[in-house]
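Following: one structure in structure tokens, then a few remarks.
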Amino acid sequence: MPFDDTLEEHRIAGVSLRNGMHTAMHAGMHARVRLVTSAFANERCCALGRWIHEDGERWDDAPELLQLKLAHASFHTVALVIAISITQGRLAEAAIMLEPDALFENAVRMLAHAVSRFENRLVTGAPPTTVLHGQIH
């Protein structure tokens with residue numbers, strides 16, 4: 001799985017959201033934003049989401065995969081909330097979430113960190129580990 005490509009796919013989402021907001025502000029057009037909304041409604045719409053749910057099964061017990069699943073789901077939730085805000089004309093709210101060091105960038109960073117941590121697990125060749133319930137890693 002080329003994780004760099006999947007991260008780029010998610011970074012481009014920010015560009016799409018910002019473009020959608022710009023379009024909504026200046027032209028009143030919401031059709032493009034609806035496309036973004038539908039694309040983020042299901043986290044399996046992207047390559048990383050499909051990989052997590054189809055090929056990541058053999059790593060299900062690895063804490064790194066759990067972190068990746070959570071970060072990926074969080075990213076899609078944040079992107080969807082922003083897209084809905086834009087579609088509903090709540091542009092100031094969307095703009096705040098898209099500001100540097102705000103909600104969207106934090107979701108991107110969290111996803112990038114989780115991908116990096118999972119890639120490190122793959123590179124070391126360590127077999128998946130079982131985490132006992134109640135333990136924190």
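The values are calculated or read from the model by the stated rules, or taken from the named source; none is laboratory data. Everything numeric in this text was worked out from a predicted model, so none of it was measured. Ideal geometry is used to build each Cβ from the backbone, glycine not excepted, and the neighbour counts take in all protein chains shown.
Determine, yes or no, whether R109 is out of contact with any helix residue (DSSP H, G or I) (no Cβ under 6 Å at 6 or more places or on another chain) and either at pLDDT 85 or above or part of a helix (DSSP H, G or I) (or both).
Criteria met by R109.
In region 112-129, which residue that is part of a loop (DSSP other than H, G, I, E, B) and in contact (Cβ under 8 Å) with a residue 24 or more places away in the chain is surrounded by the most Cβ atoms within 10 Å (Cβ to Cβ)?
P128
Under the condition of being touching a residue at least 24 places away in the same chain (Cβ under 8 Å) and surrounded by fewer than 20 Cβ atoms within 10 Å (Cβ to Cβ), which residue from region 81-95 is farthest from S16 (Cα to Cα)?
G89
Looking at L98, L70, can you tell me which residue is surrounded by fewer than 21 Cβ atoms within 10 Å (Cβ to Cβ) and more than 21 Å from V15 (Cβ to Cβ)?
On inspection, the qualifying residue turns out to be L70.
Can you give me the ranges of the helices (runs of 4 or more DSSP H) entirely in region 10-104 with at least 3 residues that are at pLDDT 85 or above and either under 18 Å from the mean Cα position of the chain (by Cα) or more than 23 Å from A114 (Cα to Cα) (or both)?
On the way: elements: 31-40, 47-54, 63-87, 91-98.
Per the criteria, 47-54, 63-87, 91-98.
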